[in-house]
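Data first, discussion second: the structure below is written as structure tokens.
The values are calculated or read from the model by the stated rules, or taken from the named source; none is laboratory data. Fair warning: this is a prediction, and the values are worked out from it, not measured in the lab. Every residue, glycine among them, receives a Cβ derived from its backbone with ideal geometry; neighbour counts consider all protein chains shown.
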């Protein structure tokens with residue numbers, strides 16, 4: 001099937017879904033993911049400040065700089081403890 005034709009039964013077609021849960025848990029998971037990919041604190045900050053990165057920037061816009069700083073600090077503390085074990 002050509003790529004320009006839509007097949008509603010395509011099992012690989014991407015679909016957005018809503019997930020219930022805590023905003024803080026979701027934000028922590030986002031930070032954890034990037035820490036696992038060896039992003040530095042400065043690189044993480046770039047993801048939150050830059051509008052190109054829509055999900056992280058949305059967190060920054062909704063919650064503000066102090067929230068993001070705590071989020072990043074908490075993530076690095078969590079991973080420092082995990083790596084020490």
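Which members of region 16-25 meet the condition of being assigned to a helix (DSSP H, G or I) and either more than 17 Å from residue 71 (Cα to Cα) or modelled with pLDDT of 90 or more (or both)? Steps first, please.
The initial filter retains those residues of region 16-25 that are assigned to a helix (DSSP H, G or I), namely 23-25.
Result: 24, 25.
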**Asked** For residue 70, which of the numbered conditions (1) modelled with pLDDT of 95 or more; (2) in contact with a helix residue (DSSP H, G or I) (Cβ under 8 Å, 6 or more places away or on another chain) fails to hold?
**Response** (2)
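Limited to region 28-63, what total is found for residues that are in a loop (DSSP other than H, G, I, E, B) and loosely packed, with under 11 Cβ neighbours inside 10 Å? Break it down into steps so the answer makes sense when it comes.
Filtering region 28-63 down to residues in a loop (DSSP other than H, G, I, E, B) leaves 37-40, 50-53.
Applying the additional criterion that residues be loosely packed, with under 11 Cβ neighbours inside 10 Å yields 37-38, 51-52.
Of the residues in that region, 4 qualify.
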